[in-house]
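The structure appears right after this line, and notes come after that.
The values are calculated or read from the model by the stated rules, or taken from the named source; none is laboratory data. Everything quoted here is computed from the prediction, not taken from an experiment. Quick reminder, even Gly has a Cβ in these numbers, built from the backbone with ideal geometry, and neighbours come from all protein chains shown. Each accessible area value is taken on the protein alone, full model and side chains, heavy atoms only, with ligands, DNA and RNA left out. Shrake-Rupley method; radii C 1.70, N 1.55, O 1.52, S 1.80 Å.
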Amino acid sequence: MEISIIDELPKNRLPIITKVAEPSRMNQVYDFMKKEMDAKRQCFVIYPIIVESEKMDWKAADTGYKHLSKKIFQKYSVGYIHGKMKKEERDSQMEAMANNEIQCLVATTVVEVGIDIPNSTVMVIENAERFGLTQLHQLRGRIGRGTSQSYCILIQHSQTHDSIHRLKVMESTSNGFKISDEDLKLRGPGEFFGTR
């Protein structure tokens, strides 16, 4: 088989500015998102799980959506999408986002691939330390598809040597080849034989 390597972005795309932030800075992050939405641009907020769990101290999309739509962005149109929703509900939310009827979409990783909203310029990822590098890179790829400057903000809730290193990699490069190489080094190749 022939192999093609696509190592450049489409023309006119600006590099996405990626920053790691601690939860204590959320008010600044929300203010920044409001400025972008006031400028008629759109945002994503990604959560690692749908509902809160006693076993995991992770931010949940369900709680996040209620908090953002009622307390933080009550003057804005906030949508919500996750993998356990009926397909029709998901499709209608995505259509509303595509038509700029939703200014901020709260979601799980269901938006990881196949979504093209050139007007979205901000992606906030809660518990970013819980995601693999390749997944973070895929999520970040949902923004920066238009001509405006885009920003990916990785909210780090717990710090380990490994998570600090991974998020630093995300801050320093948008090169998918370097990111997947680093991911392989960190996580290993898995088993080539056997059930794992």
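Those residues that are β-branched (Val, Ile, Thr) and open to solvent by 80 Å² or more (accessible area, probe 1.4 Å), I need them from the range 38-54; list them, please.
Applying the first criterion (β-branched (Val, Ile, Thr)) to the range 38-54 yields 45-46, 49-51.
Once the filter is applied, which keeps residues that are β-branched (Val, Ile, Thr) and open to solvent by 80 Å² or more (accessible area, probe 1.4 Å), the range 38-54 yields only VAL51.
So GLU129 ticks every box in (1) open to solvent by 50 Å² or more (accessible area, probe 1.4 Å); (2) of a type in the set (Asp, Glu); (3) in contact with a Ser or Thr (Cβ under 8 Å, 6 or more places away or on another chain) but one. Which box is left unticked?
Here GLU129 clears every test but (1).
So is LEU154 under 14 Å from ARG41 (Cα atoms) and modelled with pLDDT of 95 or more or not?
When the stated conditions are applied, LEU154 does not pass them.
Are any residues in the range 159-184 loosely packed, with under 11 Cβ neighbours inside 10 Å and part of a helix (DSSP H, G or I), and if so, which ones?
Going residue by residue through the range 159-184, those that are loosely packed, with under 11 Cβ neighbours inside 10 Å are 160-161, 177.
Residues satisfying the conditions are HIS161, PHE177.
Just checking, which of VAL29, VAL113 is open to solvent by 70 Å² or more (accessible area, probe 1.4 Å), hydrophobic (A, V, I, L, M, F, W, C) and within 16 Å of the chain's Cα centre (by Cα)? Step through it out loud before you land on a result.
Numbers: VAL29 fails: open to solvent by 70 Å² or more (accessible area, probe 1.4 Å).
After applying the criteria, what remains is VAL113.
Does the range 137-158 hold any residues that are open to solvent by 30 Å² or more (accessible area, probe 1.4 Å) and either within 17 Å of the chain's Cα centre (by Cα) or over 24 Å from PHE32 (Cα atoms) (or both), and which are they?
HIS137, GLN138, ARG145, GLN149, TYR151, HIS157
Going residue by residue through the range 1-12, is there one that turns out to be touching a residue at least 24 places away in the same chain (Cβ under 8 Å) and open to solvent by less than 70 Å² (accessible area, probe 1.4 Å)?
The answer is no, given that none of the residues of the range 1-12 is touching a residue at least 24 places away in the same chain (Cβ under 8 Å) and open to solvent by less than 70 Å² (accessible area, probe 1.4 Å).
For the structure I just gave you, tell me whether GLY64 is more than 22 Å from GLU171 (Cα to Cα), of a type outside the set (Val, Ile, Thr), surrounded by 12 or more Cβ atoms within 10 Å (Cβ to Cβ) and touching a helix residue (DSSP H, G or I) at 6+ places or on another chain (Cβ under 7 Å).
Here the answer is no, as GLY64 does not meet what is asked.
I'd like to know if the range 188-196 contains one or more residues that are within 15 Å of the chain's Cα centre (by Cα) and either open to solvent by 70 Å² or more (accessible area, probe 1.4 Å) or among the hydrophobic types (A, V, I, L, M, F, W, C) (or both). Walk me through how you get there before you give the answer.
Initial filter on the range 188-196 (within 15 Å of the chain's Cα centre (by Cα)): none.
For the range 188-196, residues within 15 Å of the chain's Cα centre (by Cα) and either open to solvent by 70 Å² or more (accessible area, probe 1.4 Å) or among the hydrophobic types (A, V, I, L, M, F, W, C) (or both): absent.
Given LYS75, LYS66, LYS86, which one is more than 21 Å from VAL110 (Cα to Cα) and out of contact with any Phe, Trp or Tyr (no Cβ under 6 Å at 6 or more places or on another chain)?
LYS75
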